[in-house]
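Below is one structure, written out as C-alpha coordinates; the observations come after it.
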Amino acid sequence: MAAKQSSRKIRILLLLGLVFTLTLSGCSTVDKYVQQINQKLPSWAKSSDSKPAYHYHKVRYSGESLSVIAEWYTGDVENWPYLAKANSKIDPDHITIGTTVLIPKNLLHTKKPMPKEFVEAVGKRHKTERAQVAKPPPKPAYFYHRVKYSGETLSIIAKWYTGDADNWQALTKANPKLNPNRINVGDKIRIPRKLLNTRRPMTRSFVVASTKKKQQKTPSTTPSQAKTAKKEESPPPESSSKEPEVLELFGPK
(Lines give C-alpha, C1' and ligand atoms only; values in the text may rest on other atoms or scores of the structure.)
Protein backbone atom coordinates (compact mmCIF):
# COMPACT_ATOMS: atom_id res chain seq x y z
CA MET A 1 0.00 0.00 0.00
CA ALA A 2 2.73 2.41 0.93
CA ALA A 3 4.50 1.74 -2.37
CA LYS A 4 1.34 2.44 -4.37
CA GLN A 5 0.73 5.73 -2.54
CA SER A 6 4.28 6.89 -3.11
CA SER A 7 4.04 6.08 -6.81
CA ARG A 8 0.83 8.11 -7.04
CA LYS A 9 2.53 11.07 -5.40
CA ILE A 10 5.39 10.82 -7.84
CA ARG A 11 2.99 10.76 -10.79
CA ILE A 12 1.12 13.78 -9.42
CA LEU A 13 4.37 15.68 -8.98
CA LEU A 14 5.46 14.76 -12.49
CA LEU A 15 2.14 15.95 -13.88
CA LEU A 16 2.39 19.24 -11.96
CA GLY A 17 5.93 19.73 -13.22
CA LEU A 18 4.79 19.06 -16.77
CA VAL A 19 1.94 21.56 -16.45
CA PHE A 20 4.28 24.18 -15.01
CA THR A 21 6.78 23.61 -17.83
CA LEU A 22 4.06 23.89 -20.46
CA THR A 23 2.79 27.08 -18.84
CA LEU A 24 6.22 28.67 -18.93
CA SER A 25 6.76 27.67 -22.53
CA GLY A 26 3.32 28.99 -23.41
CA CYS A 27 4.08 32.36 -21.84
CA SER A 28 7.30 32.66 -23.77
CA THR A 29 5.42 31.75 -26.95
CA VAL A 30 2.85 34.46 -26.26
CA ASP A 31 5.55 37.03 -25.59
CA LYS A 32 7.24 36.10 -28.88
CA TYR A 33 3.92 36.46 -30.67
CA VAL A 34 3.35 39.88 -29.14
CA GLN A 35 6.82 40.99 -30.18
CA GLN A 36 6.22 39.81 -33.74
CA ILE A 37 2.98 41.78 -33.90
CA ASN A 38 4.64 44.86 -32.39
CA GLN A 39 7.34 44.76 -35.08
CA LYS A 40 4.72 44.88 -37.82
CA LEU A 41 2.94 47.89 -36.29
CA PRO A 42 3.69 51.42 -37.61
CA SER A 43 6.01 53.61 -35.57
CA TRP A 44 3.21 55.77 -34.16
CA ALA A 45 1.43 52.69 -32.71
CA LYS A 46 4.48 51.30 -30.92
CA SER A 47 4.91 51.99 -27.24
CA SER A 48 7.37 50.85 -24.65
CA ASP A 49 4.57 49.86 -22.27
CA SER A 50 2.67 48.07 -25.08
CA LYS A 51 -0.22 50.54 -24.70
CA PRO A 52 -1.57 52.41 -27.77
CA ALA A 53 -0.03 55.90 -28.22
CA TYR A 54 -3.27 57.34 -29.57
CA HIS A 55 -6.87 57.85 -28.58
CA TYR A 56 -9.34 56.94 -31.31
CA HIS A 57 -12.27 59.11 -32.30
CA LYS A 58 -14.86 58.06 -34.88
CA VAL A 59 -16.53 60.86 -36.82
CA ARG A 60 -20.31 60.73 -36.24
CA TYR A 61 -21.68 64.15 -37.18
CA SER A 62 -21.55 66.35 -40.24
CA GLY A 63 -19.53 69.49 -39.64
CA GLU A 64 -16.73 67.75 -37.76
CA SER A 65 -13.26 68.94 -38.67
CA LEU A 66 -9.78 68.47 -37.28
CA SER A 67 -9.98 71.89 -35.62
CA VAL A 68 -13.28 71.00 -33.92
CA ILE A 69 -11.94 67.60 -32.81
CA ALA A 70 -8.71 69.21 -31.58
CA GLU A 71 -10.59 71.78 -29.53
CA TRP A 72 -12.76 69.14 -27.83
CA TYR A 73 -10.16 66.45 -27.11
CA THR A 74 -7.04 68.59 -26.58
CA GLY A 75 -8.60 71.85 -25.36
CA ASP A 76 -6.83 73.92 -28.02
CA VAL A 77 -8.01 74.45 -31.60
CA GLU A 78 -4.41 75.26 -32.63
CA ASN A 79 -3.49 71.58 -32.13
CA TRP A 80 -5.22 70.59 -35.39
CA PRO A 81 -1.86 70.47 -37.32
CA TYR A 82 -0.68 67.71 -34.93
CA LEU A 83 -3.85 65.76 -35.69
CA ALA A 84 -3.26 66.29 -39.40
CA LYS A 85 0.29 64.93 -39.00
CA ALA A 86 -0.95 61.88 -37.08
CA ASN A 87 -3.62 61.28 -39.74
CA SER A 88 -1.62 61.83 -42.91
CA LYS A 89 -4.04 59.79 -45.02
CA ILE A 90 -7.03 61.97 -44.05
CA ASP A 91 -7.89 65.09 -46.03
CA PRO A 92 -8.38 67.72 -43.29
CA ASP A 93 -10.82 69.64 -45.51
CA HIS A 94 -13.04 66.61 -46.25
CA ILE A 95 -13.69 64.40 -43.22
CA THR A 96 -16.53 61.94 -43.80
CA ILE A 97 -18.75 60.27 -41.23
CA GLY A 98 -17.25 56.97 -40.09
CA THR A 99 -13.63 58.12 -40.41
CA THR A 100 -11.39 57.19 -37.48
CA VAL A 101 -9.19 60.04 -36.27
CA LEU A 102 -6.09 59.37 -34.18
CA ILE A 103 -5.42 61.80 -31.32
CA PRO A 104 -1.94 61.71 -29.71
CA LYS A 105 -2.27 60.79 -26.04
CA ASN A 106 0.28 63.38 -24.99
CA LEU A 107 -2.19 66.05 -26.18
CA LEU A 108 -5.31 64.38 -24.81
CA HIS A 109 -7.39 66.55 -22.49
CA THR A 110 -10.53 64.39 -22.24
CA LYS A 111 -11.72 60.97 -23.35
CA LYS A 112 -15.42 61.83 -23.25
CA PRO A 113 -17.11 61.43 -26.65
CA MET A 114 -17.66 64.70 -28.45
CA PRO A 115 -21.36 65.73 -28.38
CA LYS A 116 -23.29 66.98 -31.40
CA GLU A 117 -24.11 70.32 -29.73
CA PHE A 118 -20.41 71.10 -29.39
CA VAL A 119 -19.79 70.33 -33.06
CA GLU A 120 -22.60 72.66 -34.17
CA ALA A 121 -21.61 75.51 -31.84
CA VAL A 122 -17.88 75.42 -32.62
CA GLY A 123 -18.52 74.90 -36.34
CA LYS A 124 -20.57 78.10 -36.48
CA ARG A 125 -17.92 80.02 -34.57
CA HIS A 126 -15.14 78.82 -36.84
CA LYS A 127 -17.11 79.81 -39.93
CA THR A 128 -17.65 83.30 -38.53
CA GLU A 129 -13.97 83.66 -37.66
CA ARG A 130 -12.87 82.49 -41.12
CA ALA A 131 -15.30 84.92 -42.75
CA GLN A 132 -13.95 87.79 -40.67
CA VAL A 133 -10.37 86.91 -41.55
CA ALA A 134 -11.17 86.51 -45.24
CA LYS A 135 -13.14 89.78 -45.43
CA PRO A 136 -10.84 92.65 -46.41
CA PRO A 137 -10.85 95.64 -44.09
CA PRO A 138 -13.09 98.48 -45.31
CA LYS A 139 -11.30 101.25 -47.15
CA PRO A 140 -11.45 104.71 -45.59
CA ALA A 141 -13.99 106.98 -47.25
CA TYR A 142 -11.52 109.84 -47.56
CA PHE A 143 -8.08 110.59 -48.95
CA TYR A 144 -6.08 113.03 -46.80
CA HIS A 145 -4.02 115.99 -48.03
CA ARG A 146 -1.77 118.01 -45.76
CA VAL A 147 -1.43 121.71 -46.65
CA LYS A 148 2.26 122.44 -47.26
CA TYR A 149 2.40 125.67 -49.25
CA SER A 150 1.03 129.15 -48.70
CA GLY A 151 -1.57 130.09 -51.28
CA GLU A 152 -3.36 126.74 -51.25
CA THR A 153 -7.14 126.96 -51.47
CA LEU A 154 -9.93 124.39 -51.62
CA SER A 155 -10.46 125.13 -55.31
CA ILE A 156 -6.76 124.54 -56.09
CA ILE A 157 -6.76 121.34 -54.03
CA ALA A 158 -9.97 120.21 -55.74
CA LYS A 159 -8.51 120.94 -59.18
CA TRP A 160 -5.38 118.87 -58.46
CA TYR A 161 -6.92 115.84 -56.75
CA THR A 162 -10.33 115.65 -58.46
CA GLY A 163 -9.64 117.34 -61.80
CA ASP A 164 -12.38 119.94 -61.29
CA ALA A 165 -12.00 123.16 -59.28
CA ASP A 166 -15.79 123.32 -58.78
CA ASN A 167 -15.52 120.35 -56.40
CA TRP A 168 -14.32 122.75 -53.70
CA GLN A 169 -17.89 122.74 -52.38
CA ALA A 170 -17.72 118.96 -51.86
CA LEU A 171 -14.44 119.47 -50.00
CA THR A 172 -16.13 122.10 -47.84
CA LYS A 173 -18.86 119.61 -46.87
CA ALA A 174 -16.24 116.93 -46.17
CA ASN A 175 -14.36 119.33 -43.84
CA PRO A 176 -17.10 121.05 -41.79
CA LYS A 177 -14.69 122.26 -39.09
CA LEU A 178 -12.45 123.97 -41.64
CA ASN A 179 -12.89 127.62 -42.64
CA PRO A 180 -12.69 127.51 -46.47
CA ASN A 181 -11.53 131.15 -46.55
CA ARG A 182 -8.61 130.57 -44.16
CA ILE A 183 -6.50 127.50 -44.85
CA ASN A 184 -3.23 127.36 -42.98
CA VAL A 185 -0.08 125.33 -43.57
CA GLY A 186 -0.38 122.06 -41.66
CA ASP A 187 -4.17 121.73 -42.06
CA LYS A 188 -5.43 118.26 -42.96
CA ILE A 189 -7.94 118.24 -45.83
CA ARG A 190 -10.28 115.29 -46.39
CA ILE A 191 -11.04 114.47 -50.04
CA PRO A 192 -13.90 112.02 -50.79
CA ARG A 193 -12.50 108.93 -52.51
CA LYS A 194 -15.37 108.84 -55.00
CA LEU A 195 -14.08 112.17 -56.39
CA LEU A 196 -10.39 111.23 -56.27
CA ASN A 197 -8.58 111.42 -59.59
CA THR A 198 -4.97 111.12 -58.40
CA ARG A 199 -3.09 110.37 -55.20
CA ARG A 200 0.12 112.10 -56.18
CA PRO A 201 1.04 114.88 -53.74
CA MET A 202 0.25 118.34 -55.05
CA THR A 203 3.35 120.18 -56.25
CA ARG A 204 4.39 123.72 -55.33
CA SER A 205 4.63 124.72 -58.99
CA PHE A 206 0.97 123.79 -59.49
CA VAL A 207 -0.05 125.99 -56.56
CA VAL A 208 2.00 128.95 -57.85
CA ALA A 209 0.67 128.59 -61.41
CA SER A 210 -2.94 128.30 -60.21
CA THR A 211 -2.57 131.38 -58.00
CA LYS A 212 -1.15 133.46 -60.89
CA LYS A 213 -3.91 132.33 -63.23
CA LYS A 214 -6.51 133.24 -60.65
CA GLN A 215 -5.00 136.72 -60.21
CA GLN A 216 -5.03 137.31 -63.97
CA LYS A 217 -8.72 136.45 -64.19
CA THR A 218 -9.61 138.75 -61.30
CA PRO A 219 -10.58 142.31 -62.62
CA SER A 220 -8.76 145.34 -61.21
CA THR A 221 -12.06 147.03 -60.30
CA THR A 222 -15.26 145.61 -58.97
CA PRO A 223 -18.40 145.60 -61.17
CA SER A 224 -19.97 148.39 -59.13
CA GLN A 225 -16.86 150.54 -59.52
CA ALA A 226 -16.81 149.89 -63.29
CA LYS A 227 -20.46 150.89 -63.56
CA THR A 228 -19.83 154.15 -61.72
CA ALA A 229 -16.85 154.97 -63.93
CA LYS A 230 -18.90 154.32 -67.04
CA LYS A 231 -21.52 156.77 -65.89
CA GLU A 232 -18.88 159.43 -65.23
CA GLU A 233 -17.26 158.99 -68.64
CA SER A 234 -20.49 159.15 -70.63
CA PRO A 235 -21.48 162.67 -71.84
CA PRO A 236 -24.24 164.42 -69.93
CA PRO A 237 -27.68 164.13 -71.48
CA GLU A 238 -29.05 167.10 -73.43
CA SER A 239 -31.21 169.49 -71.50
CA SER A 240 -34.91 169.07 -72.10
CA SER A 241 -35.51 172.89 -72.02
CA LYS A 242 -34.72 174.38 -75.41
CA GLU A 243 -33.94 178.07 -75.98
CA PRO A 244 -36.51 179.90 -78.16
CA GLU A 245 -35.52 180.18 -81.74
CA VAL A 246 -34.78 183.77 -82.99
CA LEU A 247 -36.71 184.44 -86.17
CA GLU A 248 -34.87 186.61 -88.61
CA LEU A 249 -37.20 189.03 -90.40
CA PHE A 250 -36.56 189.96 -93.94
CA GLY A 251 -37.76 193.19 -95.49
CA PRO A 252 -37.09 196.90 -95.63
CA LYS A 253 -35.68 198.44 -92.52
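The values are calculated or read from the model by the stated rules, or taken from the named source; none is laboratory data. Everything numeric here is computed off the predicted structure, so don't read it as measured data. Here the Cβ is made from the backbone with ideal geometry for all residues, glycine too, and neighbour counts use every protein chain on show.
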Inset, instruction - Evaluate the stretch 82-96: report whether one residue or more is within 30 Å of Asn184 (Cβ to Cβ), modelled with pLDDT of 80 or more and touching a helix residue (DSSP H, G or I) at 6+ places or on another chain (Cβ under 9 Å). - result: no
Legend entry - In the stretch 78-105, residue nearest to Lys124 (Cα to Cα) [restricted to those that are part of a helix (DSSP H, G or I) and touching a residue at least 12 places away in the same chain (Cβ under 8 Å)]: Trp80
Legend entry - Of all residues in the stretch 122-147 being modelled with pLDDT of 90 or more and not basic (Lys, Arg), the one that is nearest to Trp160 (Cα to Cα): His145
Legend entry - Flag for Lys231 being under 14 Å from Tyr144 (Cα atoms) and either among the basic types (Lys, Arg) or modelled with pLDDT under 50 (or both): no
